[in-house]
Amino acid sequence: MGQLVAKLMGIFGNQEHKVIIVGLDNAGKTTILYQFLMNEVIHTSPTIGSNVEEIVLQKTHFLMWDIGGQEALRSTWNSYYSNTEFIILVIDSTDRDRLLTTREELHKMLAHEALRDASVLIFANKQDMKNSMTTVEISQFLTLSAIKDHPWHIQGCCALTGEGIWLTVSSWAKSVEHSLNS
Ligand code: G3D
Ligand code: MG
């Protein structure tokens, strides 16, 4: 795990970075964030808004919040978008009923000017559950192939064990590095 944290820090470590982690409540965001931060000293900032949490790890700011069901607060979220380089969208792959909400929120976010340069990583979480949707089903439902102006990647994972998370983050790191160097 230490080596994997080092890889994560390789992309996120040396400069200021902002990563936003979004998804519906119960998707697994907090569990995934804790997989990232395991064994690390975590500096937490006071909660910014009632449903936005910020964790600062070295120079990387992880801003995390639940999308959906929070209409009244959503208008203030735009102010957190500026300079975001990475969006991590977490999906509960068993939650068929609310996938439409996720789709709407995802496309709305990506249309936002402040997120113009952000790369998107989608975690199809809870793949350990029998009734989970596959990444192909989720991709089709979210119409990911329509996203032409942001680099995106979808990966199945299980946040409880960390399966699918580390490999993805390290290969994603390589592709981001590649795009930064080209
Ligand atoms: P959130 O931060 O997006 O709201 P949480 O979601 O990280 O709090 O997770 C919500 C619930 O889903 C938690 O269960 C958590 O343990 C569970 N969970 C997260 N990831 C997985 C996964 O990959 N597989 C399974 N089976 N469960 C997962 P509780 O019971 O604590 O509410
Ligand atoms: Mg949470």
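The values are calculated or read from the model by the stated rules, or taken from the named source; none is laboratory data. Not measured: the values here are computed from a predicted model. As a convention, Cβ positions derive from the backbone with ideal geometry for all residues, glycine included, and neighbour counts pool all protein chains shown. Heads up: the accessible areas ignore ligands, DNA and RNA and are worked out on the full protein's heavy atoms, side chains in. Shrake-Rupley method; radii C 1.70, N 1.55, O 1.52, S 1.80 Å.
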### Task
List the number of the failed condition for residue 137; all other conditions in (1) modelled with pLDDT of 90 or more; (2) surrounded by fewer than 18 Cβ atoms within 10 Å (Cβ to Cβ); (3) part of a loop (DSSP other than H, G, I, E, B) hold.
(3)
### Task
Spot the failing condition for residue 167; the list is (1) under 17 Å from residue 17 (Cβ atoms); (2) modelled with pLDDT under 90, and only one is missed.
(1)
### Long-range neighbours under 7 Å by Cβ, at least six apart or interchain, first residue within 13 Å of residue 107 (Cβ to Cβ) within the range 143-156, second open to solvent by 30 Å² or more (accessible area, probe 1.4 Å) and not acidic (Asp, Glu)
143/103; 144/152
